[in-house]
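As C-alpha coordinates, the structure follows; a few thoughts come after it.
The values are calculated or read from the model by the stated rules, or taken from the named source; none is laboratory data. A quick note: this is a predicted structure, and the numbers were derived from the prediction, not measured. Please note: Cβ atoms are built from the backbone with ideal geometry, for glycine as well, and neighbour counts cover all protein chains shown. The area values use the complete protein model at the heavy-atom level, side chains included, leaving out ligands, DNA and RNA. Shrake-Rupley method; radii C 1.70, N 1.55, O 1.52, S 1.80 Å.
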Amino acid sequence: MKLTKDNLKKYLAKIDYTIKGATPNRFIIDNENKNTGIRVWNETIDFNMKNGIRAVAVFDKCTIKMLSKNTLMIGNGGLFIQLHNFKIK
(Lines give C-alpha, C1' and ligand atoms only; values in the text may rest on other atoms or scores of the structure.)
Protein backbone atom coordinates (compact mmCIF):
# COMPACT_ATOMS: atom_id res chain seq x y z
CA MET A 1 0.00 0.00 0.00
CA LYS A 2 1.22 3.51 -0.75
CA LEU A 3 2.71 5.44 2.19
CA THR A 4 0.42 8.36 2.98
CA LYS A 5 -0.20 10.18 6.26
CA ASP A 6 -3.56 8.44 6.64
CA ASN A 7 -2.09 5.00 5.93
CA LEU A 8 0.79 5.71 8.32
CA LYS A 9 -1.62 6.54 11.15
CA LYS A 10 -3.78 3.49 10.39
CA TYR A 11 -0.84 1.07 10.33
CA LEU A 12 0.85 2.60 13.39
CA ALA A 13 -2.40 2.08 15.34
CA LYS A 14 -2.22 -1.66 14.51
CA ILE A 15 0.97 -1.92 16.59
CA ASP A 16 -0.21 0.57 19.24
CA TYR A 17 2.05 3.38 17.97
CA THR A 18 0.82 6.92 17.36
CA ILE A 19 1.94 10.32 16.09
CA LYS A 20 2.08 13.20 18.56
CA GLY A 21 3.03 16.84 18.35
CA ALA A 22 2.93 19.48 15.67
CA THR A 23 5.44 20.23 12.94
CA PRO A 24 8.41 20.56 13.42
CA ASN A 25 8.07 18.50 16.60
CA ARG A 26 5.74 15.77 15.35
CA PHE A 27 7.15 12.35 16.28
CA ILE A 28 6.13 8.70 16.21
CA ILE A 29 5.47 7.46 19.76
CA ASP A 30 5.84 3.74 20.50
CA ASN A 31 3.59 1.36 22.41
CA GLU A 32 5.31 2.28 25.70
CA ASN A 33 4.62 6.01 25.13
CA LYS A 34 8.29 6.71 24.31
CA ASN A 35 9.43 9.02 21.55
CA THR A 36 11.05 6.92 18.82
CA GLY A 37 12.94 9.91 17.44
CA ILE A 38 11.24 9.37 14.09
CA ARG A 39 10.11 12.79 12.91
CA VAL A 40 7.03 13.13 10.69
CA TRP A 41 7.08 16.12 8.37
CA ASN A 42 4.44 17.18 5.82
CA GLU A 43 6.11 15.38 2.91
CA THR A 44 8.64 13.03 4.55
CA ILE A 45 9.49 10.90 7.56
CA ASP A 46 13.03 11.30 8.99
CA PHE A 47 14.67 8.28 10.61
CA ASN A 48 17.74 9.12 12.71
CA MET A 49 19.62 5.96 13.68
CA LYS A 50 21.70 5.77 16.85
CA ASN A 51 24.87 5.16 14.82
CA GLY A 52 24.41 8.48 13.00
CA ILE A 53 22.94 7.11 9.79
CA ARG A 54 19.89 8.98 8.55
CA ALA A 55 17.14 7.83 6.21
CA VAL A 56 14.17 9.64 4.72
CA ALA A 57 10.91 8.13 3.49
CA VAL A 58 8.88 10.28 1.10
CA PHE A 59 5.09 10.09 1.28
CA ASP A 60 3.55 8.70 -1.93
CA LYS A 61 6.99 7.34 -3.02
CA CYS A 62 7.28 4.49 -0.50
CA THR A 63 5.09 1.60 0.53
CA ILE A 64 3.80 0.60 3.94
CA LYS A 65 2.62 -2.86 4.95
CA MET A 66 2.21 -5.22 7.86
CA LEU A 67 4.81 -8.00 7.83
CA SER A 68 3.06 -9.70 10.74
CA LYS A 69 0.52 -8.74 13.39
CA ASN A 70 3.27 -6.95 15.34
CA THR A 71 5.64 -5.67 12.63
CA LEU A 72 5.16 -2.73 10.29
CA MET A 73 7.45 -2.11 7.30
CA ILE A 74 8.08 1.13 5.43
CA GLY A 75 10.21 0.97 2.32
CA ASN A 76 11.04 1.22 -1.35
CA GLY A 77 13.94 0.02 -3.50
CA GLY A 78 16.57 1.70 -1.34
CA LEU A 79 14.94 1.87 2.11
CA PHE A 80 13.67 -0.75 4.53
CA ILE A 81 12.48 0.30 8.01
CA GLN A 82 10.62 -1.94 10.48
CA LEU A 83 8.72 -0.92 13.59
CA HIS A 84 7.85 -3.63 16.10
CA ASN A 85 5.56 -4.20 19.07
CA PHE A 86 6.23 -7.72 20.29
CA LYS A 87 3.81 -7.29 23.22
CA ILE A 88 0.82 -7.76 20.89
CA LYS A 89 -0.80 -11.13 21.58
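Summary of values
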{"quantity": "Evaluation of Leu12 against (1) open to solvent by less than 80 Å² (accessible area, probe 1.4 Å); (2) without any contact (Cβ under 8 Å) to a residue 40 or more places away in the chain (one fails), failing number", "calculated": "(2)"}
{"quantity": "Residues of the stretch 71-87 that turn out to be closer than 13 Å to Val56 by Cα and outside any strand (DSSP E or B), as a count", "calculated": "2"}
{"quantity": "Near pairs, Cβ below 6 angstrom, 6+ apart or cross-chain, from the stretch 67-86 (free of Cβ contacts under 8 Å to residues at least 12 places away in the same chain) to any residue that is open to solvent by 70 Å² or more (accessible area, probe 1.4 Å) and not polar (S, T, N, Q)", "calculated": "Met73/Lys65; Met73/Leu67"}
{"quantity": "Residues located in the stretch 75-86, provided they are closer than 13 Å to Lys14 by Cβ and among the hydrophobic types (A, V, I, L, M, F, W, C)", "calculated": "Leu83"}
{"quantity": "Test for Thr23: is it surrounded by 13 or more Cβ atoms within 10 Å (Cβ to Cβ) and either on the phi > 0 side of the Ramachandran plot or among the hydroxyl-bearing types (Ser, Thr, Tyr) (or both)", "calculated": "no"}
{"quantity": "Ile28 being among the β-branched types (Val, Ile, Thr) and open to solvent by 60 Å² or more (accessible area, probe 1.4 Å)", "calculated": "no"}
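The rows are residues; the columns are (1) under 16 Å from Thr4 (Cα atoms); (2) surrounded by 14 or more Cβ atoms within 10 Å (Cβ to Cβ); (3) of a type outside the set (Asp, Glu).
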position	(1), (2), (3)
Lys50	no, no, yes
Asp60	yes, no, no
Met66	yes, no, yes
Leu72	yes, yes, yes
Phe86	no, no, yes
